[in-house]
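Following: one structure in C-alpha cells, then a few remarks.
None of the figures in this text is laboratory data; all of them are computed from the coordinates on show. Remember, it's a predicted structure, so these values are computed and weren't measured experimentally. Cβ placement follows ideal geometry from the backbone for every residue including glycine, while neighbour counts extend to all protein chains displayed.
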Amino acid sequence: MYDVAVVGQGPAGGMAALRLSEAGHSVVSFDRKKRVGDPVHCGEGLGKIALKHTGYPVGDWAIREVEGNRIRMPNGKSVGLMSPGYSVHRWGLDQSISDDAVEAGTTRHEGIRVTKVNRDKDGWILSSKDGELAKAKQLVVAEGRVPNIVTQIGLKGNEKLRLLPGLQYKFKKDDVDFPDTDYFDFYIDPRYADGYIWVFPRNDIFNVGIVATNGAKAGLDYFCKEHMSVDPDKRIESEIGHRQNGGLIPRDGPIPFFSTKDAYVVGDAAGLTNPITKGGVHVGMLSGQYAAIAIQNELGTGELVPPSHSVNCHELRGQYWEKCEKALHPDLESHVWYDRIMKRQPWTQQKFVDQSKLIYSLDKRILNLIGEIYDGNNYSKLPWLKMLGVLIKNPDLLPMAGKLLKIKSSLKVTETYGW
Ligand SMILES: Cc1cc2nc3c(=O)[nH]c(=O)nc-3n(C[C@H](O)[C@H](O)[C@H](O)COP(=O)(O)OP(=O)(O)OC[C@H]3O[C@@H](n4cnc5c(N)ncnc54)[C@H](O)[C@@H]3O)c2cc1C
C-alpha cells in the first residue's frame, strides 16, 4: 500500500509527486506516455513567475529568455503583458519535474494507462487493462484535459465538447521572413475563431501555433504564408522527432469541485488553463503543490498552511477577511481545504473566466482601436486621454466601455498566472 498514487506525470502530477516524495511519503506515479513529456502538447512558453511561485528551479530545459508578452491586434498594434518568461523544451520540463520526483523516492511507471480506480475500505485500487497496478491511501488525478479517472471518483470533469484544439509548427528562423524579438507574440483576430496565433522565438527556431474553435489548420497555414512568407510544408521536426504538435485545451474554466474524500484533481484535469492565453503549466504546478499540502496534512506530516505566495485570508480586507478565515480553517478536512483554497485563487473565479472570454467576442475594428489606444503600452498603463479621443471619434464604443474595463481586469490575472 502506497501513501499516494498519482495518475499522470505532466507538470501538475509531477509537482504533486515531487513534493510528496520530498516530504517522505511513498508515492507511485503512472503515465500512459512511453517517456514522460513525449509527445509535447504545448507552445512551450513559461512565465518566470511560475518558478517563483512553485519554488522550482530553472533548468537546461529553458532555452531562451523573453521580456514579456504582446497581444497583437489585426492592425499589428499591441497591448503588453510584461511578465518575463522562457521558451522551454516542454518535454524537458515535464521530464525534469518527474525525474526529480523519482530521485526523491517516487516509484514511476511509464507507458502504463490507468483505466480504472476503485475504492475499498483501505484506500484506492488502480488498475490497467492487464489487471491491478497499485493500492494507495490517497489519489492525485493529474490526467490532463480528457476526463476519465475524474469521473470515476465521482466528480464532474471537463466536458469534451468544450475543449479547444491547438496546433503548432516549428520553422528555422532563416526560412521565414519574420522579426526575431524578445517577446512572445499573440495575434488576436476573429479569423482565428475564439483563439489566436502565437509566435514564440527560440534560439534559431520560431514556434508558431494556433488555438481556434474551428479551422485551426487553415488559420495556421494562412498565418505562415501571409505573415511569415513561409510554406507550412517547410516546417521542421522538433528535437524529439515530430513535424507538428498540438492537443486539446480546456477553455471554459474550472470543474465545480476539485476534490472528494482522499482524491485530489489538479492541472488540466481540473480545467485550470487560463481562458485568455490557454496557458496551464503554471497553475497546474501550483495546484499539484496545493494538493501535496493537503495530502501531507491528511497523512499527518504537514499542516494546512498555504504557501507564502498564495492568495490567503490576510490579503483580503474588511468583511471578507472573517469569512475567509473561517472557510480556510486549519481544522478542516484536507480535501475540503484543498477545494476551498483552489476556489479562492484569482484564476479559478467564474468572474475571471467570464471577463476573459469577452476579448474573443470583439470585432476587428474594436480590436484595432484598442491597439491604437495602447500602441505597445502595458495593459495596466491605459492612456486615458488617448482613449477619450478615440471614444469621441467613435461614440458607438461608449456602451462598450464597461466590457473593455472587464477585459483589463482579466489581463491583470493573466499577466501573473497566464503562463
Ligand atoms: C497546443 C497547446 C499549446 C499550449 N501552450 C502552452 C504554453 O505555451 N504555456 C503553458 O503554460 N501552457 C500551454 N498549454 C497548456 C498546457 O500544455 C497544459 O495546461 C498543461 O500541460 C497541463 O498540465 P497537466 O499536468 O495538468 O496535464 P498534462 O500535461 O496533459 O499531463 C497529463 C498526463 O497524464 C497522462 N495520462 C492521462 N491519462 C492517463 C491515464 N489514464 N493513465 C496514465 N497516464 C495518463 C498523459 O499521458 C499526460 O502525460 C498548451 C496546450 C496545448 C494543447
Using helices alone, what [θ] at 222 nm do you get for the chain, with -39,500 (n - 2.57) per DSSP H run of 4 or more residues, divided over all residues and rounded to the nearest 500? -10000 deg cm²/dmol
Does the stretch 162-250 classify as rounded, prolate or oblate by the C-alpha gyration tensor (a ≥ b ≥ c root eigenvalues; a/c under 1.5 gives rounded; else a/b over b/c gives prolate, otherwise oblate)? prolate
Dividing the Cα convex hull volume of the stretch 352-417 by residue count, how many Å³ per residue is that? 83 Å³
For Cys224, Cys42, Cys324, what ranking results if the residue with the fewest other Cβ atoms within 10 Å of its Cβ goes first? Cys324, Cys224, Cys42
Which of the peptides 356-367, 118-129, 183-194 is most tightly packed, and how do the rest follow, judged by the mean count of other Cβ atoms within 10 Å per residue? 183-194, 356-367, 118-129
Antiparallel bridge percentage (DSSP; both residues within the chain; nearest 5): 70 percent
Counting other beta carbons within 10 Å of each Cβ, put Ser229, Ser98, Ser26 in order, fewest first. Ser229, Ser26, Ser98
Straight distance only, please: which lysines reach the Cα of Lys137 with their own Cα at less than 25 Å, same-chain residues fewer than 8 apart left out? Lys33, Lys116, Lys121, Lys129, Lys156, Lys261, Lys343
Could you work out how far the C-alpha centroid of the stretch 6-50 sits from that of the stretch 66-113, in angstrom? 12 Å
Added length on full extension, which subtracts the Cα-Cα distance from 0.36 nm per residue, Asn75 to Val146: 22.0 nm
Ranking of Lys48, Lys77 by count of other Cβ atoms within 10 Å, fewest first: Lys48, Lys77
Note down the Stokes-Einstein diffusion coefficient of the stretch 53-168 in µm²/s, whole number, using a Kirkwood radius over alpha carbon pairs, 37 °C, and 0.692 mPa s. 180 µm²/s
Full extension from Lys116 to Ala327: what is 0.36 nm times the residue separation minus their Cα-Cα distance, to one decimal in nm? 72.7 nm
Tell me whether the chain comes out rounded, prolate or oblate; compute the Cα gyration tensor, take square roots of the eigenvalues as a ≥ b ≥ c, and use a/c under 1.5 as the rounded threshold. oblate
